[in-house]
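The block underneath contains the structure these notes are about, expressed in structure tokens.
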Amino acid sequence: MSDQLALFLTAVGTGAILIAAGWLLLRLARRAAAGTLKRNQIAGIRTRATLSSEAAWRAAHIAAESDSVRGARGLIIGGLAAGATGTLALAGLPFPIAAAIFTVLALGSTTWLLIWTLRGAAVGEKAAVRTIAKK
């Protein structure tokens, strides 16, 4: 198998995974903010404050929605771009350049997601604490 074909398959596979993960995170963020994702120990902002009540859980996810959606959309876009770099390798772009572009896009989009997810969690935690304090 040539380096270009290997990069193509890696880029397309990684891109598909990033897109699927972004879509899943987008759906979870929307469901949590809409109130259809109930308190749980698997998905969402899970801290002592957010898990203390339904009101705190909902307030946290409403507050975090825009940051969470921004992160998920960035991951989807990054996945599309990372997947497309495989085509560049097959089209004749030198392997080291195509591999570098792929790496920057894949790692960049996951870093983007991490930053916005952590920001959303911090904003959500503050909203949950404020909600608890009102009671």
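We did not get these values from a lab; they are worked out from the coordinates using the rules stated. The structure displayed is predicted, hence computed values, not measured ones. Please note: Cβ atoms are built from the backbone with ideal geometry, for glycine as well, and neighbour counts cover all protein chains shown.
Observations, loosely collected:
- Mean sequence separation of contacting Cα pairs (under 8 Å, at least six apart), scaled by the length of the chain, corresponds to a relative contact order of 37 percent.
- Over all directions, the projected convex hull of the C-alpha atoms in the stretch 3-134 averages 7.7 nm² in area.
- Cross-link reach is defined here as a Cα-Cα straight distance under 13 Å, omitting same-chain residues fewer than 8 places apart; for LYS135 the aspartates and glutamates meeting it are GLU54.
- Computed magnitude of the charge dipole of the chain (debye, nearest 20; Cβ of K, R +1, Cβ of D, E -1): 960 debye
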